[in-house]
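Here is the structure we will look at.
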Amino acid sequence: MEMQTQLSKSISQIQVEKYKHHENSVGSNLMTIQITTKYRYNMMQKERIETLCRISIQEACKRHKIEIVILEVLKEHVHIIVDCPRTMSVAMLMQIIKGLSAYLLFRICPNLRKRYPQGHFWSEGYFCEGCGSDFEKALEYVKNQKLHHSS
């Protein structure tokens, strides 16, 4: 229960600019994303792999100026809300997050190749939806995923 209270406090402190001002445009590009491990294996069951997965996604996003609002890593899938550059397509966003994070993850933890010899850590599909107008609802959904999946 204490962890839930701490999580609620840290989530309530998340502040996101409604709109970003760029040279020739104003707007937001908040996206809610869910990606799943290939074959839905519980790869992030161990804390070490969960941490490495989190780090690889954060690094992939940082390299391409994708701001992570919230990132929840569960046993076989990940929920993320990101604010990506307005010039980036959804396909490019997903290619960066899934492709680069998998590449980094396999470099950090080569033993994962035993489970995924072809180098495909994430499943082919994904969920990606803009959440600009329903940001609070999307944030609540993502922050409650650990509670939802623990029961």
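Among the residues of segment 112-129, those that are within 15 Å of ASN42 (Cα to Cα) and not basic (Lys, Arg) comprise LEU112, TYR116, HIS120, PHE121, TRP122, SER123.
Determine whether LYS137 is part of a helix (DSSP H, G or I), modelled with pLDDT under 95 and under 25 Å from ASN29 (Cβ atoms). Quick ask: steps written out before the conclusion?
Details: part of a helix (DSSP H, G or I): yes; modelled with pLDDT under 95: yes; under 25 Å from ASN29 (Cβ atoms): yes.
Against the criterion (part of a helix (DSSP H, G or I), modelled with pLDDT under 95 and under 25 Å from ASN29 (Cβ atoms)), LYS137 qualifies.
When you check LEU93 against the structure, is it in a helix (DSSP H, G or I), in contact (Cβ under 8 Å) with a residue 40 or more places away in the chain and touching a helix residue (DSSP H, G or I) at 6+ places or on another chain (Cβ under 9 Å), yes or no? Considered against the rule, which asks whether it is in a helix (DSSP H, G or I), in contact (Cβ under 8 Å) with a residue 40 or more places away in the chain and touching a helix residue (DSSP H, G or I) at 6+ places or on another chain (Cβ under 9 Å), LEU93 comes out as no. Looking for something among the β-branched types (Val, Ile, Thr), within 11 Å of the chain's Cα centre (by Cα) and part of a helix (DSSP H, G or I) - is there at least one such residue anywhere in segment 105-127? No, the conditions are met nowhere in segment 105-127. When restricted to residues that are surrounded by fewer than 15 Cβ atoms within 10 Å (Cβ to Cβ) and under 12 Å from LYS38 (Cβ atoms), segment 96-119 contains 4. Taking first residues from segment 69-82 that are closer than 11 Å to GLN145 by Cβ and surrounded by 19 or more Cβ atoms within 10 Å (Cβ to Cβ) and partners that are at pLDDT 95 or above and hydroxyl-bearing (Ser, Thr, Tyr), the Cβ contacts under 6 Å between residues at least 6 apart in sequence or on separate chains come to HIS77/THR36. When we screen LEU93, LEU139 for residues that are more than 11 Å from ILE33 (Cβ to Cβ) and crowded, with 17+ Cβ neighbours inside 10 Å, the only hit is LEU139.
Restricting attention to segment 35-66, the residues being without any contact (Cβ under 8 Å) to a residue 24 or more places away in the chain, surrounded by 11 or more Cβ atoms within 10 Å (Cβ to Cβ) and acidic (Asp, Glu) number 1. Here GLY132 meets the list (1) at pLDDT 90 or above; (2) part of a loop (DSSP other than H, G, I, E, B) almost entirely, failing just condition (1).
When residues in segment 58-77 are screened for being in contact with a Cys (Cβ under 7 Å, 6 or more places away or on another chain) and closer than 21 Å to GLU47 by Cα, 2 of them pass.
The values are calculated or read from the model by the stated rules, or taken from the named source; none is laboratory data. The structure displayed is predicted, hence computed values, not measured ones. Note that we place each Cβ from the backbone using ideal geometry, even for glycine, and neighbour counts take in every protein chain shown.
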